[in-house]
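Here's the structure, in structure tokens; my notes come after.
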Amino acid sequence: MVPATADPEPAIDQPKFLNKDALRYPQTAIQALVNESKRLFEGPTYKIVAHALNLHRTDIASGIKPKKLIRSSTEVIDIDIDELYYTKVKSIYSSIIEFGTTTLTLFSLSPAKVEAINKLKLANRHVVQAIKDARELRDNVNRYMFSENEHIQKEYNNLRKKVVRVLREIHLTRVDTHPASHLKSLEKLKEKIRRSDVLVDGTLDELIRNQLITSEMATSLANDSNYVTGICNDLINATELLYIKSDTLLAGFQSEDSME
């Protein structure tokens, strides 16, 4: 008899920047929080959101127009969001929150600096919420992007297109040496996405009134349009905090090194 061997548990990622040395001074602690938060955002978060909508990150970073990109992105990408969240996100997120709390406990900080640390925590909460919404969205994306009903297929491709535009602008913001130049573009995107929700712009009413989709499709589309709005808002808010406002968050910490 050959004894059965259990499959090894997937390795759980550990923080790269959050360590005791970083806690020697408040400025090094806040820098470590920024670096770890960006690592979480640029790695597993970006991958999960993109792949949940069957989008390749290389295509998003390319110059392919969103409409053409969506037309060519017709294969389901194999991804286990729950496993990725457990192995790549959950532990890092918990460590960031704990490290931020430890920093607040160790140092006597001004209210502005306390707010800066809390904003970094908030950025990571946006990140996690975007992942959770992407997980909720995935099954219906896989179902309806191949639907024989051309109307529901079109609407789900429109949802994917919205996320492409946001992820592309986020990529451009991350790689730009002057990320603040993208603030207006990100804010415009956020407003455009809000106005294009199917419950707001009349799309859903028209589809139902003309009996172009079933009631089940309508319910799914209404919910998923809301998820997409949430994903885009959360990703944009996190981007603004981590890449555009991070210099402001770090400002003034150089003189703050007194321990309680």
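Between residue 147 and residue 14, how many nm apart are label points set 7 Å from Cα along the C-beta direction?
A separation of 4.7 nm, rounded to one decimal place.
Averaged over all directions, how much area does the convex hull of the C-alpha atoms of the chain cover when projected, in nm²? Kindly include the intermediate steps, with their values, before the conclusion.
Values: hull surface 74.4 nm².
Over all viewing directions, the chain projects a mean Cα-hull area of 18.6 nm².
Using the basic label-point model (7 angstrom from Cα toward the beta carbon), what is the residue 199 to residue 154 distance in nanometres?
Placing both labels 7 Å along Cα→Cβ, they lie 2.3 nm apart.
From the phi angles alone, apply the Karplus equation (6.51, -1.76, 1.60; θ = phi - 60°) to the range 62-79 and give each ³J(HN,Hα) in whole Hz, x where the residue is Gly or Pro.
Karplus values, whole Hz, x for Gly and Pro: 7, x, 5, 5, x, 4, 5, 4, 5, 4, 8, 8, 10, 10, 6, 8, 6, 8.
Report the net charge of residues surrounding residue 35, where surrounding means a beta-carbon distance below 11 angstrom and charges are Lys +1, Arg +1, Asp -1, Glu -1.
Numbers: positive: 16, 38, 39; negative: 36, 42.
Residues close to residue 35 contribute a combined charge of +1.
Quick one: 3J(HN,Hα) in Hz for the range 159-174, Karplus 6.51/-1.76/1.60 with θ = phi - 60°, rounded, Gly and Pro as x.
Here the 3J(HN,Hα) series is 5, 4, 5, 4, 5, 4, 4, 5, 4, 5, 5, 5, 4, 5, 5, 5 Hz.
For the chain, take the longest principal axis of its alpha carbons; what is the angle in degrees between that and the long axis of helix 183-195, to the nearest 10 within 0 to 90?
40 degrees
So how far, in whole Å, is the C-alpha centre of the range 136-196 from the one of the range 14-40?
31 Å
I need to check one value: relative contact order of the range 21-255, counting alpha carbon pairs closer than 8 Å and at least 6 residues apart, in percent.
Relative contact order comes out at 29 percent.
Summing -39500 (n - 2.57) over the DSSP H runs of n ≥ 4 in the chain and dividing by its residue number, what mean residue ellipticity at 222 nm do you reach, to the nearest 500 deg cm²/dmol? All intermediate terms of the calculation are to be shown ahead of the outcome.
Details: 12 runs with 164 residues, N = 260.
Rounded to the nearest 500, the figure is -20000 deg cm²/dmol.
What does the net charge come to around residue 119 if you take all other residues with beta carbon closer than 12 Å to its beta carbon, with K and R at +1 and D and E at -1?
+2
Each reported figure results from applying straightforward, stated rules to the coordinates on display, with no laboratory input. Worth saying up front: this structure is predicted, and the values here are computed from it rather than measured. Virtual Cβ from ideal backbone geometry, glycine too; neighbours counted across all protein chains shown.
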